[in-house]
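The values are calculated or read from the model by the stated rules, or taken from the named source; none is laboratory data. Note that this is a predicted model, so its numbers are computed, not measured. Cβ coordinates were reconstructed from backbone atoms using ideal geometry, including for glycine residues, and neighbour counts include every protein chain displayed.
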Amino acid sequence: MGIALDVLPESNAAGRTPPGYGLPTEPKMVFPADGTRFDFDAAATPAASNERLQRAVDNATVRQDTGRKLRMGELPDSNRLRELAGQIKQHALDYLDYYLLEFKAAAEARGAKVHFASSGEDAKRIILEIAKTAGVSRCIKSKSMASEEIELAHVLELAGIDIVETDLGEFILQINNDKPSHLVAPIIHMDKAAVARLFSQYFGTPYSDDPVMLTRQARAYLRDKFRSSDFGITGGNFLIAETGQLCSVENEGNVRQSTTTPRVLVSLVGIEKMLPRLSDLAVLLKLLARSATGQPMTVYTSIFGGVRAAGEKDGPEEVHIVLLDNGRTRILEGEYRETLRCIRCAACLNVCPIYRKIGGHAYGSVYPGPIGALITPLFKGLENYPDLPKASSLCGACYEACPVKINIPKHLINLRRDMVGRSMTGWGDRIVFKAWAVALRSEGVYKLISTLQKFELRRRGKNGWVDKLPKPAAGWTNVRSLPVPAKKTFREIWNKSGRNPENQ
Amino acid sequence: MNGPAETDAFIASVTRALGRTSVRKPAADSLPVLDEPIVRLVYTDLHLGKLFESRARANKILVTLVRPEECGAAVAAYLAGEGVAVVGHSVAAILTSLAVPEACAQRGMRVSAWNELSLDASYDLEACITEAWEGGGAVAETGSIVVRGGPTHGRALSLVPPIHVVVLEPRLIVADLVDLMERLRVAEQQPTGKGSATVIITGPSKTADIEMNLVTGVHGPGVVHVFLLD
C-alpha cells in the first residue's frame, strides 16, 4: 500500500480531546504503552482496598458465575463438550497456516477482501487506508477485543473519523475516556450512579440512575448514528475456514447494525479465532454464552461475510477482513500455543479470587484476570509485566471454568520458571531461595533453622499469637496473625509415644 | 499489506511458528469428531414444535399457536393492540398466502413491503413481519428463530423496528445447532447462497451492562413474537 507509516496520527492518550466527544478530557485509565514496564503494585494496592469497586465487581462476577454453573449443568456432558471444544480450537491452531489460506480463498469468493496485519500498526494503517480510499467518515463500531488491543478507535478518531462505540458499555467507556475492565462486561467497575452522572453531564439532561432510562437515552442517541453511518467496524468471535464467514455473538443488536447499514464494513479479527467447519459452531456456541453470561445462547448470533448479494438492498457493498497477528505467531511457536484457544468468555475472570479483589484495570491491559495474567506477558513481554504471572493463587478455579480447557495455572507456573531462567527475579529472592535450597538438602541445617525459627516466633508471640514480624514477613502479618508454634512438635510427640514404627 | 507477496510472507511466518517448512493440509481423520451424544439433542419427550415453544418462551420470545387461516387476523389484532400504525413486511410466499399484510391494512395500519421502503424509512417502522429462513427457520434445542437476508427481505427489516413478528411454519424447525449448521453449509454451496447474513435470534435485544440490570430493546427489537402455525 502506498500509505506511509507517518500517516498514523501521533498518539497522545494523555489529555486528548476526541472530536465531538469532549467529555471528560482527562483519561480515567491509561494502560502502559508497548515496551514500557507496568507497575502492578501501584495499580493493585489501591484497588484491593476500594470497597465500591469490589462491590460492583462482586455483584457482576458472582451472578455471571452462578449463571454459568447453572447452564453448564443443562448440557448432557459439559466436561466432554469442553474437551471437544479445546480439541477443535487446538486443531485449528496446529494447522493455522492452511486454514488461513482456506479462509482467504473462501472469503474472497464472497467478494470480501482479506488483509493480513502483522502488527497493530499495520492493522491501523490498513484500516485508515480503506476509510480514505472509500471516502467514508461516519463510523459505527461494535465491541471487539482486538480493536481494544490495538487502540483502533483512538487512532481513527484522531484521523478525523467520527467514530462511535455502539455497545452500551463501550459507549459509556468512550464518552468517559475510560478503558474496559472485563472481557464481557466492560464497565463492571462502574456503578449506575457513575453512569447517571456521566450521562447527565454528556447529554445535558436531568440526573436519573434508572438503568432503563439510561439505556433509552443511549439508544436514541446511537440510533441516529446507525442511520447516518457509512462505515462499520466489527470484531468476530469465530472465523469459519470452509465458508470464509465470520460469526459474531451479541445481545444488543449493534453488531447487526454494523453489518446492515454502512456501505463499507471492516472486521478486525485475531488469527487465532479460526474454526475449520461451520459445524464446529454447534460446539463452541453452546459453550460461549453459557460460560460468559449464563445464557444458553446470546440474543443474536450473526454468521456473515462477503458483500451484499444480487437483489439485496442493504448490507455492505465493500467488505474487508483484517486478520491480526500482533504477537500471536510468537505464542504459536512455543509451549504456550494452547493459550490461543481462548474464546474471551471471561469465565476465568468471574471465578478468580484475585480478579474479584482487584478488578480488571489492575492488570494493566485490555486482557485482565487469569487469562490476562497469562497472555499479557506473552503479548507484551514478560520483562514489562513481571508481576502478572504472580498475581494468582494457583487455586485452579480458572482451569476448571475454562470452556476450551486452557491449563492456566500450569502456564502461569511455567512463566514463573521462565523468569527464573532469565534471572528476572530480584537478588533478595535469589539469596533466600539459594539458602532455602541448601537448608533443604541437609537435615542438620534444616533442623537448626527450624529450631531458630520456633525460638524466634515464641519470643515474639503474645497470648498465643504473633502479630508483628519484621520484613520480609511484615507484609504477611500486616493483615493477619500467626499462631505461636506448639511447645512440642508433632515429631517429638510421635517419637515419645513409642508408636513410631521407625523407632521399634 | 494485502498483495500476494505480503500474504505469502505472513503465511510463511505462521508456518515457521508451527515448526514446519511448508503448509500442510490436515489429514481428514485429524479433525475432531463431533460425538453425537455430547453435541446433539439426543433425547426429548416433546416433539420439536413443543420443545421449540417451551425453550423460546424461556428466552422471553412470545409464542402464539395459531391455525393458518386465523394467522393474519391474529397478527393484525396483536399489532393493533400494541398501538402499531406503521408496519413493514417481507415478501415471503407464506405471508402472502395467509394474507397477513392485508389483515394489517384492514385494521388501518400503514403497511409496506420491505422492497418499497428505503433503508432510512425502515428506521421509522413500528413493527415488522417476516418469515423464518426456509432452510431451517427455528432451532428447537436452543429456542431460537433463524432469519436470513435474501430476495424476500433484507437485513434491516427484522432489526430496526421495535417489534419483530415472525410467522413460523412448523416444518422449518430443526432439532439442534448441528442440523442448522449442516443446512447452512449446504445453502452456502449453492451459487445463490453466498453473500447474505444469517442471524440466529434467541430473544429480544437486551443489555445488562449497567450493574447487571436487564434492560430489553437496546438496538434491536425489544419484542420478538412468533406466530407458530398449528
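Okay, here's what the table says:
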| quantity | calculated |
| --- | --- |
| The listed residue being within 11 Å of another protein chain (Cβ to nearest Cβ) and under 28 Å from A:Ile358 (Cα atoms), out of A:Ala48, A:Ala56 | A:Ala56 |
| Those residues of segment A:455-480 which are surrounded by 12 or more Cβ atoms within 10 Å (Cβ to Cβ) and not in a helix (DSSP H, G or I), in sequence order | A:Gly461, A:Trp465, A:Val466, A:Asp467, A:Lys468, A:Leu469, A:Ala473 |
| Test result for A:Arg290, more than 8 Å from chain B (Cβ to nearest Cβ) and crowded, with 24+ Cβ neighbours inside 10 Å | yes |
| Filter pass, B:Glu134 being in a loop (DSSP other than H, G, I, E, B) and surrounded by fewer than 20 Cβ atoms within 10 Å (Cβ to Cβ) | yes |
| Checking A:Asn176 against (1) out of contact with any Leu (no Cβ under 7 Å at 6 or more places or on another chain); (2) at pLDDT below 95; (3) among the polar types (S, T, N, Q), the condition it does not meet | (1) |
| Unmet requirement for A:Lys132, which otherwise passes all of (1) away from chain B (no Cβ under 12 Å); (2) within 28 Å of A:Arg219 (Cβ to Cβ); (3) not β-branched (Val, Ile, Thr) | (2) |
| Residues that are among the polar types (S, T, N, Q), surrounded by fewer than 22 Cβ atoms within 10 Å (Cβ to Cβ) and outside any loop (DSSP other than H, G, I, E, B), drawn from segment A:349-405 | none |
| Unmet requirement for A:Asn350, which otherwise passes all of (1) within 14 Å of the chain's Cα centre (by Cα); (2) more than 13 Å from chain B (Cβ to nearest Cβ) | (2) |
| Exclusive hit being facing chain B (nearest Cβ under 8 Å), within 22 Å of A:Cys345 (Cβ to Cβ) and assigned to a helix (DSSP H, G or I), set A:Leu81, A:Leu93, A:Leu70 | A:Leu81 |
| Of residues in segment A:242-283 being facing chain B (nearest Cβ under 7 Å) and among the charged types (D, E, K, R), the one nearest to the chain's Cα centre (by Cα) | A:Glu252 |
| Residues being surrounded by fewer than 23 Cβ atoms within 10 Å (Cβ to Cβ) and touching a Ser or Thr at 6+ places or on another chain (Cβ under 7 Å) - total across segment A:161-174 | 2 |
| Filter pass, B:Leu180 being more than 7 Å from chain A (Cβ to nearest Cβ) and surrounded by 24 or more Cβ atoms within 10 Å (Cβ to Cβ) | yes |
| Residue within segment B:57-65 that is farther than 30 Å from A:Leu284 by Cα, at pLDDT 95 or above and not polar (S, T, N, Q) present | yes |
| Some residue of segment B:201-220 being within 7 Å of another protein chain (Cβ to nearest Cβ), under 15 Å from B:Gly137 (Cα atoms) and assigned to a strand (DSSP E or B) | yes |
